[in-house]
Amino acid sequence: MSAPGQGNPAVVGLAGFGMTTLLLQFHNLGWCGTGIIFCTALAFGGGAQLIAGFQEFKCGNNFGYSAFVSYGAFWIALALIWLLADLNIGKHLGITANDIGFFLVGYTLYTLILWVGAMKIHGAMAWTFTTLVIGFVGLDLVFLADMKGILKAVAWDLVVCALLAWYMMAAVILNGLFGRPVLPVGAPWIK
C-alpha cells in the first residue's frame with residue numbers, strides 16, 4: 001500500500017520473497033547448489049524485504065510491515081543457520097535438522113496467522129499464503145518427522161508460492177502503469 005505519488009514497497013518485498021523462495025526450491029529439486037541461495041537470502045530475500053517492510057510501516061500497512069520484516073528476517077536467519085552448520089561451530093552454536101525443524105515450526109505458526117489476514121486482502125494473496133502454509137507444514141514434516149520423500153512435492157508447492165508472489169508484484173506494477181486492472185487479483189476470500 002502506498003500514498004498517492006509514492007511507490008509501493010510491496011513490489012520489492014514480493015520480488016525478494018519470490019526470487020529467494022524460487023531459488024531455494026531449485027536447490028530442493030536438485031537443480032543448483034546453495035551458495036547462490038545463501039547470497040540471495042542475505043541480500044534480496046533478507047535485506048530487500050526488510051527495507052520493503054520498513055517502508056510498509058511508513059505507509060501504515062501492518063500486514064505488509066509484519067510480513068516483509070518477518071520473512072526478511074527468516075531469510076537472513078536461514079543464511080546464518082547454513083553458515084553455522086557449515087562451520088560446525090561446536091556445542092553452543094551447533095545446528096541439527098531437528099533444530100531447523102523447530103525454526104520452521106515457528107514460522108509455520110506465524111504464517112498461519114498471516115494466512116487468515118491474507119484471506120481478507122484478495123484472492124492472489126490468499127492463494128500465496130495457502131501455498132506457503134502447505135510448504136511450511138511440508139518442511140516441518142521433512143525436518144521433524146524425517147519425511148524426506150515429500151521434499152520434491154513440497155518444493156513444487158513452494159515454486160507455485162514464489163510464482164504467485166511474483167504475480168502479485170506484476171499486478172501492482174502493471175495495474176499501476178496501465179491505470180486499470182491488467183492482472184486481476186481476485187476478491188477476498190473473507191468479506
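Comparison of ALA48, ALA67, ALA52 shows that the only residue that is open to solvent by less than 50 Å² (accessible area, probe 1.4 Å), assigned to a helix (DSSP H, G or I) and under 15 Å from GLN6 (Cβ atoms) is ALA52. Take the conditions (1) at pLDDT 95 or above; (2) open to solvent by 50 Å² or more (accessible area, probe 1.4 Å); (3) farther than 24 Å from PHE26 by Cβ; LYS91 misses just one of them, which is (1). Scanning the stretch 29-45 for residues that are open to solvent by 30 Å² or more (accessible area, probe 1.4 Å), more than 18 Å from SER70 (Cβ to Cβ) and part of a helix (DSSP H, G or I) turns up GLY35, ILE36, PHE38, CYS39.
The values are calculated or read from the model by the stated rules, or taken from the named source; none is laboratory data. These numbers come from a predicted model, not from an experiment. A quick note on method: Cβ atoms are made from the backbone with ideal geometry, for glycine too, and the neighbour counts reach across all protein chains shown. Side chains are part of the model used for accessible areas, which takes the heavy atoms of the whole protein and leaves out ligands, DNA and RNA. Shrake-Rupley method; radii C 1.70, N 1.55, O 1.52, S 1.80 Å.
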